[in-house]
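Q: Below you'll find the structure I mean.
The numbers here are math on the coordinates, done by the rules we state, and not lab data. Note that the coordinates shown come from a computational prediction; the quantities given were computed from them, not determined experimentally. Glycine also receives a Cβ, built like all others from the backbone with ideal geometry; neighbour counts cover every protein chain displayed.
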Amino acid sequence: MINSHTYWTTGNWSGNAFAGVPEMTIPYIYRFDFIDPFTPMATFGYTEVPLESGIKPPLTRFVLDHMGHLKQFTWSQQSEVWNTFWSQPENVCRVYALCGNLGFCNGKPFNPCECLNGFRPIDSVSWGKEDFSEGCWRQGGETCNEDDKFEEVGAVSYERTTDMLYVRAQTIGGGKKKNKKTSFLVGMICGILVILSVGTINLLYLRRRKVSRRKGEEDSVFQVTNLRVFSYKDLHAATRGFSEKLGHGGFGAVFRGVLPDSSAVAVKRLERPGGGERNFEQKCVLLEISSMLTCQIERILF
């Protein structure tokens with residue numbers, strides 16, 4: 001909250017993680033506890049979870065800065081510096097009312113706000129300084145005319161509310177006319193629910209087919225290259241929970257790790273779906289040609 005206004009939300013508490021912080025849902029080196037949620041006595045904390053290897057998790061700290069960003073840092077004993085493990089909100093578009101009235105967020109790191117078509121910033125100077133709170137205003141005046149039209153705007157996310165559905169119905173009058181309107185509304189809602197259910201089932205089916213096809217492609221790659229494959233659990237233990245970051249490449253971060261046979265390795269953790277995995281598979285083939293030992297591929301969608 002900033003000045004009693006919502007800045008961004010972590011999402012609902014599921015019992016072990018917040019819905020809007022996906023990093024908390026993966027196998028983690030800490031256990032989070034949210035005691036008495038949604039009450040004035042609510043408290044939030046975390047405790048260390050021992051690794052299977054018996055190694056103590058790295059020292060960590062959480063910081064809430066003046067901009068409302070919640071950050072977690074881990075301490076690197078070798079370099080003696082605090083490394084950023086994760087930060088929220090990761091996407092600036094999750095900040096409430098970032099672009100003001102009649103503005104929308106495009107997700108870009110610089111100049112993330114734009115005005116809807118036919119509108120322009122109220123305060124262009126403030127927008128140049130990345131203060132978009134004033135929003136936009138209509139070009140050509142506030143009065144509609146015959147040249148105006150509706151324009152569809154897709155990929156819009158509305159703020160969460162406590163209400164599930166709004167239905168406007170006439171409350172004056174009664175009898176059969178009112179009953180007919182009520183029946184019509186009920187039938188319309190039921191029809192919408194049926195359509196949504198069928199659409200959801202189709203989407204889940206198509207997604208499952210896509211995942212199965214991709215799994216087959218990935219298996220075929222490693223069968224051809226004869227490379228040793230590690231599980232995510234093995235790499236999680238080897239890198240001590242991905243705590244020591246060495247660098248960041250085009251498709252993900254690189255972490256330092258130690259295998260059970262004391263071999264030092266560098267683990268690249270892919271972050272971008274699609275093109276990143278294909279690029280990684282091609283690199284695995286090249287590594288096999290160069291007589292390298294192992295590769296690991298993991299698909300992470302944030």
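Q: Just grab the label-to-label distance for residue 42 and residue 138, each label 7 Å out from Cα along the Cβ direction, in nm (one decimal).
A: That separation, rounded to one decimal, is 3.9 nm.
Q: Mind ranking 110-123, 35-48 by how tightly packed they are, going by the mean number of other C-beta atoms within 10 angstrom, highest first?
A: 110-123, 35-48
Q: With the crude spin-label approximation of a point 7 Å out along Cα→Cβ, what separation in nm comes out for residue 125 versus residue 209?
A: 5.8
Q: By counting other Cβ atoms within 10 Å of each Cβ, how are 127, 137, 8 ranked from fewest to most?
A: Starting with the residue having the fewest Cβ neighbours, the order is 137, 8, 127.
Q: Let me ask something else. For the pair residue 102 and residue 149, how long in nm is the line joining their label points, each one 7 Å along Cα→Cβ?
A: 1.9
Q: Exposure proxy check: 33, 147 ranked by fewest other beta carbons within 10 Å?
A: 147, 33
Q: If each residue's Cβ is checked for other Cβ atoms within 10 Å, how do 210, 181 rank with the fewest at the top?
A: Ascending Cβ contact count within 10 Å gives the list 210, 181.
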